[in-house]
1. With axes computed from alpha carbons, what is the tilt in degrees of helix 5-26 against the longest principal axis of the chain, rounded to the nearest 10 within 0 to 90?
2. Measuring from label point to label point, each 7 Å out along Cα→Cβ, what is the residue 308 to residue 289 span in nm?
3. What is the distance in Å between the Cα centres of segment 324-393 and segment 159-211?
4. Could you tell me how many degrees, from 0 to 90 and to the nearest 10, lie between the Cα long axis of helix 73-89 and the main elongation axis, the longest principal axis, of the Cα atoms of the chain?
5. Helix 165-181 versus the longest principal axis of the chain: what is the Cα-based angle in degrees, 0 to 90, to the nearest 10?
6. Classify segment 190-453: rounded, prolate or oblate, from the alpha-carbon gyration tensor (a ≥ b ≥ c, eigenvalue square roots; a/c under 1.5 rounded; otherwise prolate if a/b is larger than b/c)?
7. What share of the DSSP beta bridges in the chain is antiparallel, in percent to the nearest 5?
8. Compactness ratio of segment 351-459: Cα Rg over 2.2 N^0.38 Å, N = residue count?
């Protein structure tokens, strides 16, 4: 629990500040009594504030964990994984080990805080841990301290095995992020993706950092467009293992089929679960010579057609997680692929991207505020990842350089993106922060169509 008064006061100030901001905003009126909207901040400035950049924000040090015997591999792997998780999370800056004081921490209860307060060290937080390994069992104790006050902010014991040490480290990192920010971390999240590493495209699942890859489908044919159910228990995808392509839904735990959508004609594409898990939106050419959008009720089996324009392609539907009633999608009804939004209840459709070029793969942020998408602007020769603020229609480019960058998917906390890029010569999966920094390749054997989900499955 919180034992430090400074942290309590800081967190309390955040809660007090929110209504104050609302009060100040609501009081912005003109001389005539009309409400005056506050100026919209540039989108780039908004995105830059989401990520803690080097040189700004709090700093955390993570010295080597103590262990019950020298050279215990789990202790080193545990500490290094937590360090990497928190470094990528960018809720604090991680202090480089070269700046650590020349002192050891014999145990979490005997720390010379004065050594950590002297320049050039001076971190705000100190994360220390102990690891006891006996055979396959591992017991870890984690402590987080406020360096200036010398007070303990967090203490928790974790149990696991040598084989699950990375998952244990991810849990610890997520708990620290929750303590510091009040929001869930992403270290335990999973990414499904498509890879041809067996010779034909199959679906795989990996940790968010590219580790612990496991094969999910064994169709021995072609599998595309993986999509997680909101609870993470199912994955829908397009399978070509039968005479006609169809949408297969499988259990994540045992990979067994739990549902399917088959049609006598046409090709389905881009299935995606609704935020409540009841519906599956997808595109298909089952009723015409063009791709249309459909909505399948997974409880009743009823299928409703959402678009009807002939000789027009409608594809890549993506739900607005905030409203649960809007779908962003791609349509070439204007002559080139552009982003549109349809209200599934009223049928009202509006165009979001009006700058021309060719767009693909729209993806709503978890809060429904932004849409990330791949776009080849007019006069451009390749796709890059862009983000649009829905309210202001401002657009910011996040990727640049060699290769084509496509298929963005949001991290569960809305602070990072995964996408596919062929900048290395073939398509691989990359991560980056929402401001375009922190680029990191996480696959080495090819990867496309990443789909990010919040938590692990225990596998």
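1. The angle comes out near 40 degrees.
2. Rounded to a tenth, the inter-label distance reads 2.0 nm.
3. Segment 324-393 and segment 159-211 have Cα centres separated by 29 Å.
4. On a 0 to 90 degree scale, this one is about 60.
5. Once rounded, the angle reads 90 degrees.
6. Values: a/c = 1.42, a/b = 1.04, b/c = 1.38.
The shape class here is rounded.
7. Values: 99 of 105 bridges.
Antiparallel bridges: around 95 percent, rounded to the nearest 5.
8. Details: Rg = 13.7 Å, N = 109, 2.2 N^0.38 = 13.1 Å.
Taking the Cα Rg and dividing by 2.2 N^0.38 Å, one obtains 1.05.
Laboratory data are not the source of any read-out in this text; all were calculated from the coordinates shown. Because the structure is predicted, anything quoted here is derived from the model rather than measured. For neighbour counting, all protein chains shown are included, and Cβ atoms are generated from backbone atoms with ideal geometry for every residue, glycine included.
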